[in-house]
Amino acid sequence: MKVTKVEALHFRLPVVREIADGTQDCLLVQVHTDAGITGLGEVVSCSYVARAVIEAPRSAPFRHGLAAIVEGMFAEEIELATQEMIDGSIWYGPGGVVRQAMSGIDMALWDIRGKILGQPVRNLLSQTAVNQVPCYASVLWPDQPEEITASAETFLEQGYQAVKYGWGPMGPDPALDESLVASAREALGTEIDLMVDAGRVWDVETAYSRVEQLKKYDLYWLEEPLNPYDIKGYRELSANSSIPIASGEALTLKKDFKQLIIQSKVPIVQPDLGRVGGFSAGQKIDLLAQETGSRAVPHAFGTGVLLAASTQWAAARQKPLTEFTRAPSPLAQELVLHDITFKDGMLTLPDTPGLGVTLNNHIAEKYRVS
Ligand SMILES: [Mg+2]
C-alpha cells in the first residue's frame, strides 16, 4: 500500500490571544494511500513553520519537505519512513520542528497500520493494553486566585479525580503563586490529585524555595519549574524536592530524553507524541523511563487527534495516565470526532481500528488556513 499524498491541514482561530494556550492553532497531517485508507496525525509545533517543513517542494538533494520524502513509500514500512525522513532532512534537522513535523506523519502511519490490521493502535503497542485510562483535567491558571473556584467546582461535578493548573500568572510573585495553589487545593478538597505546571519560570534556587513553600498543599507533581534543557538543575531539584518533579514536554530527540531521564532522574517524564516523533519514538522513550522507574505520562494539549493518540499510548503503559485538556478552543474540543468517553476521571477507548478519529468537516472548513 503506497503513500500517495501527505497533506498538512492547518487550522487557526480568527482571533489568537496572547496567552499560553497552544490550542488556538494546530497542524494535522492526513496521509493518503492508493488503497483509499487514510490516517490522521497531529504536529505540536509552531504550525506555520512545521507546515513548511512538510510541504516544501524539492529544489535539490536534501532541499525538500517531509511529504516529498514519504510520498511513494510503502505505508506499512513506518521504520523505514522514519529513517528516510531523518536522512532526507539532515540539512535542517534532526530535532526541533523537523521532529515535530515527523510526529504527525508517524502518527498518521500508525493510524493506517491499525486500520489495515483491524486493531486499535494501543493493541499494536502492547499485548497488555487496557481500555480505560485515568486522566487529569488540564487548564491554565486564571488571572486571579478567586476565579479558580468556578472551574474547580465544575471538575468536581464532572467526576475528575485529578486536575492540573498551569502557566498564566504563575512565576514572579511567591505570594500570588501560593495563593493560586492554596485556592485550588481548597476548592478541590483533599481527595483530588492536584498538579501544578509552573511554565518554566524559575531557576533552580527559586524552584526549590517554591517547593518548600508549596509542599503543604500535597501536590501530585510540579511540572516544568525550570528551562526544559537545564539537566543539571533538574537533577538537583529531583533529588531534593519533596514534590515529584515532571518535565519533558518541550523535548524532541531521544538523546534529550536520555539526559532528562538517566541523568536528571525526573520521576515523571512527559513526552508529547506530537513533538517526539509519534508512537515510534514514544515507545523508545518509555523504555528509557522504565530503566530508572520514571513514569511516562504524555503531554497532550491539542486536538482530538493528539488526545486519541496520547490515550492509546498511555493505555499501553505500565501505569496509565494521560492529560485531558479542557481548553475551550473549538480546535481542542470540536475539530475532531471520536468515540472516547469520559466518566469518573477515566477515559474509555473504543475498539475502532487505528486512532478512531475523523475530521469534523464543518469545524474544519470554518477554521482552515488556506
Ligand atoms: Mg506543561
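A few notes on this one:
- Residue check, GLN158 surrounded by fewer than 16 Cβ atoms within 10 Å (Cβ to Cβ), modelled with pLDDT of 95 or more and of a type outside the set (A, V, I, L, M): yes
- Within segment 136-215, helices (runs of 4 or more DSSP H) holding 1 or more residues that are within 22 Å of the chain's Cα centre (by Cα), away from the ligand (no atom under 16 Å from the Cβ) and of a type outside the set (Ser, Thr, Tyr): 148-158
- For segment 14-64, filtering for residues that are within 16 Å of GLY88 (Cα to Cα) and free of Cβ contacts under 8 Å to residues at least 24 places away in the same chain leaves 7.
- Contact map, segment 234-262: first residue charged (D, E, K, R), second residue buried (at least 18 other Cβ atoms within 10 Å of the Cβ) and not in a helix (DSSP H, G or I), Cβ cut-off under 6 Å, separation 6 or more or different chains; pairs are ARG235/SER264; GLU249/GLN270; GLU249/ASP272; GLU249/HIS299.
- Restricted to segment 235-257, and to residues there that are assigned to a loop (DSSP other than H, G, I, E, B) and closer than 30 Å to GLN83 by Cβ, the residue that is nearest to the ligand (Cβ to nearest atom) is GLU249.
- Any chance SER126 is touching a residue at least 60 places away in the same chain (Cβ under 8 Å) and buried (at least 24 other Cβ atoms within 10 Å of the Cβ): no
- Qualifying residue in segment 89-103 (condition: surrounded by 14 or more Cβ atoms within 10 Å (Cβ to Cβ) and without any contact (Cβ under 8 Å) to a residue 24 or more places away in the chain): yes
- The set of residues in segment 319-370 being at pLDDT 95 or above, among the polar types (S, T, N, Q) and touching a His at 6+ places or on another chain (Cβ under 9 Å) consists of THR352, THR358.
- Pair list, Cβ < 7 Å and 6+ apart or interchain, from segment 195-214 residues that are closer than 20 Å to ILE148 by Cα to residues that are buried (at least 17 other Cβ atoms within 10 Å of the Cβ) and of a type in the set (Val, Ile, Thr): VAL196/VAL181; LEU214/VAL181; LEU214/ILE243
The values are calculated or read from the model by the stated rules, or taken from the named source; none is laboratory data. Worth saying up front: this structure is predicted, and the values here are computed from it rather than measured. Don't worry about glycine lacking a Cβ; one is built from the backbone with ideal geometry, like all the others, and counts go over all protein chains shown.
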